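The values are calculated or read from the model by the stated rules, or taken from the named source; none is laboratory data. Computed from a prediction, not measured in an experiment: that's the story for all the values here. So basically every Cβ, Gly included, is an ideal-geometry build from the backbone, and we count neighbours across all protein chains shown. Note: areas computed on protein heavy atoms with side chains; ligands, DNA, RNA excluded. Shrake-Rupley method; radii C 1.70, N 1.55, O 1.52, S 1.80 Å.
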Amino acid sequence: MRHILFVCLGIIILTVKGNTQQKHDYNWLMGAPPNDSAAMYGGTHINFNVTPPTFSFFNIPFGFLANSSISDSEGNLLFYSNGCFVANRQHQIMPHGDSLNFGIYYTDWCSEGSGSLGYPTHQGILTLPWPGDPERYAILHYRTGDTGNGIHAELLYSLVDMSLENGLGDVTSKNQLLAQAFYAATLTAVRHGNGRDWWIVAPIYHTKLYYTFLFSPEGFSGPYLHSFGQIWTFFQGGSQDCFSTDGSKFIRMAPGLWGCQITDFDRCTGQFGNVVNLYFPGDTILSNGCAVSPNNRFLYVSGYTKLYQFDLEADDIAASRILIDEYDGYLAPFPTRFFQAMPAPDGKIYLSVPNGVRVWHVIHNPDEPGLACNFEQHGVELPTHVLFPIPNFPHFRLYDLPGSPCDTLGIDAPASHTSTPQRAYGPLRLLPNPVLAGDPLRIEAGDLFQPDDRMLVFDAAGRQCRDIVLPAGASHVYTETSGLLPGIYWVALWRGNGGRQVEKFVVARE
């Protein structure tokens, strides 16, 4: 059944670091067979429940050519999959956890036991919690057709119920068809603006078409068809798609073509718009990755031998490009060029390597501009050799879209750890409202600004328009409306101790 959605007029919410919920990505598992710790083969487990994260060896039940894992909301590992099998937290194949993605590619790549390399897809598997049900999870996975052309022909899902088998889980349904199409190799998801459901994005191969699906407590609805941007004519086996941290932008890499495509995304309606193309064709061959900084400002693009940073807040995003680094020739013993990127719970961004090696790259301070982001090549030494892809996660700590018509469930981002109690503040007062375009807008906070408070202005599509400097100790501030088109806008004030205030204003024609 297709869901009725409302047009979304809203603002983004900043991701809260260190909160105690939605730690579904706190365990990263990867590795390559056979299990031989002396030879540094087997499993690598990265545990982000401690600071700094720990890197440890474990005996793998299979290799991780495809890679997806999930933890519960408190960060306890539940299960993981390589697109062929599903294993529980004791590293044993779950009941009914075999024969994902049946067919000739399963026969060729999914041999029983630790000899299995995994299903041949680099971003074609993703695990999501079932909305509204803490015991059930859905694994979405592409299946390659049996023609031997290597193109994914079906998007399937399999269900895991963690209430069964004494809490170790059981695959209760598998290989359920969502839609048939010729899919590119990338699969991504982003939280719906209601803070509970999920939008799933599945690009169609050799077209400018995209399927989206809505994942709600009732199950999956769709596919909804979208057409925008470029026609993608290159097989996307070595690419990556990603969302911005606030979910307002969908980013797609184009290996072998021309660069990168950024598209606005509405988390309420699931619609795309406003395509921006970033051209650097000589630097996007063979393998690519993308990730956005925790503060939502900087886009990092890996192009095989080069790493770039773009400023998503710049008036001209393409002109903001900075070359962060080039591959230094390091061998381990194979070349350690750049591949996929993934933001981690520790605030860093990790980059995998398009070879089976024991090192990753890391961006230590991704919120900082230019070289201050502190990129370190082969800066992460892993306990074992790992295969190419990085674990595929959405931004789990993205919640509702405050102030929007689709924010109807009362779901809010949890407060961060702090010893400072949140105070009750008076409402924001915006004067005059409406305000004539070009006139100043007075913003009264109902309390005194503190040094770590932050105030932003967004338009109706969720795009940031102003970052207002707040005078500490003052109770009000003025912002100019020059340059703002007539329409609806939002002022959002984030208090340093976790409080949040939001108010709407209208810019009228002179």
Phi-based couplings in Hz for the stretch 154-165 (Karplus 6.51, -1.76, 1.60; Gly and Pro marked x) | 9, 9, 10, 9, 10, 10, 10, 10, 7, 7, 9, 6
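Can you give the relative contact order of the stretch 291-386 as a percent, counting alpha carbon pairs under 8 Å and 6+ residues apart?
22 percent
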P(r) weight above 26 Å for the stretch 91-229, C-alpha pairs, percent = 26 percent
Where the Cα atoms of the stretch 174-280 are projected onto their three principal axes, how long is each span, largest first, in whole Å?
-> 42, 30, 20
Dipole of the chain [Lys/Arg +1, Asp/Glu -1 at C-beta], most positive-end residue of Ile251, Ala314, Phe505 = Phe505
Kindly report the accessible area of the stretch 333-387 per residue (heavy atoms of protein chains, probe 1.4 Å, no ligands, DNA or RNA), in Å².
-> 32 Å²
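What does the highest-first list of 126-139, 182-195, 313-326, 156-169 look like by mean Cβ count within 10 Å? Provide the component values of the computation, followed by the final result.
Details: 126-139: 19.4, 182-195: 23.9, 313-326: 14.5, 156-169: 17.3.
In descending order of packing, they fall as 182-195, 126-139, 156-169, 313-326.
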Burial ranking of peptide ranges 217-223, 336-342 (average Cβ count within 10 Å, highest at the top) | 336-342, 217-223
q = 0.12, 0.23, 0.25 Å⁻¹, the stretch 308-375: log10 I(q)/I(0) [Debye, one scatterer per Cα] | -0.36, -1.06, -1.15
Compute the semi-axes of the equivalent ellipsoid of the stretch 86-135, taking the square root of 5 times each eigenvalue of the Cα gyration tensor, and list them largest first in whole Å.
-> 22, 15, 10
Sort largest first and round to whole Å: the equivalent ellipsoid semi-axes of the stretch 59-156, each the square root of five times a Cα gyration tensor eigenvalue.
-> 23, 16, 10
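Report, to the nearest whole %, how much of the accessible area of the chain belongs to carbon and sulfur atoms, 1.4 Å probe, protein only.
Answer for the chain: carbon and sulfur cover 52 percent of the accessible area.
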Sorted by packing (mean other beta-carbon atoms within 10 Å per residue), highest first, where do 200-206, 501-507 land?
-> 200-206, 501-507
Here P(r) for the stretch 316-419, Cα-Cα distances in 10 Å bins, as whole percents, is 13, 33, 28, 18, 8, 1
Largest-first ranking of Asp36, Asp447, Asp311 by accessible area, probe 1.4 Å, whole protein assembly kept, is Asp36, Asp447, Asp311
For the stretch 273-279, just list the computed ³J(HN,Hα) in residue order, Karplus coefficients 6.51, -1.76 and 1.60, θ = phi - 60°, integers in Hz, with x standing in for Gly and Pro.
-> x, 6, 7, 10, 9, 10, 9
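Averaged over every viewing direction, what's the projected area of the C-alpha convex hull for the stretch 267-346? Give it in nm², one decimal, please.
7.3 nm²
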Just need the Rg to Rh number for the chain, please, alpha carbons only, Kirkwood Rh.
-> 0.97
Mean Cα-pair separation over length for the chain, i.e. relative contact order, pairs under 8 Å, 6 or more apart, % | 14 percent
With every protein chain present, what is the per residue accessible area of the stretch 30-184 (1.4 Å probe, Å²)?
-> 37 Å²
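Determine one quarter of the surface area of the Cα convex hull of the stretch 172-215, which equals its mean projected area, and express it in nm² to one decimal.
Average projection, Cα convex hull of the stretch 172-215: 4.0 nm².
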Where chymotrypsin sites (Phe, Trp or Tyr not before Pro) fall in DSSP loop in the stretch 27-125, at most 16 other Cβ within 10 Å | Phe102
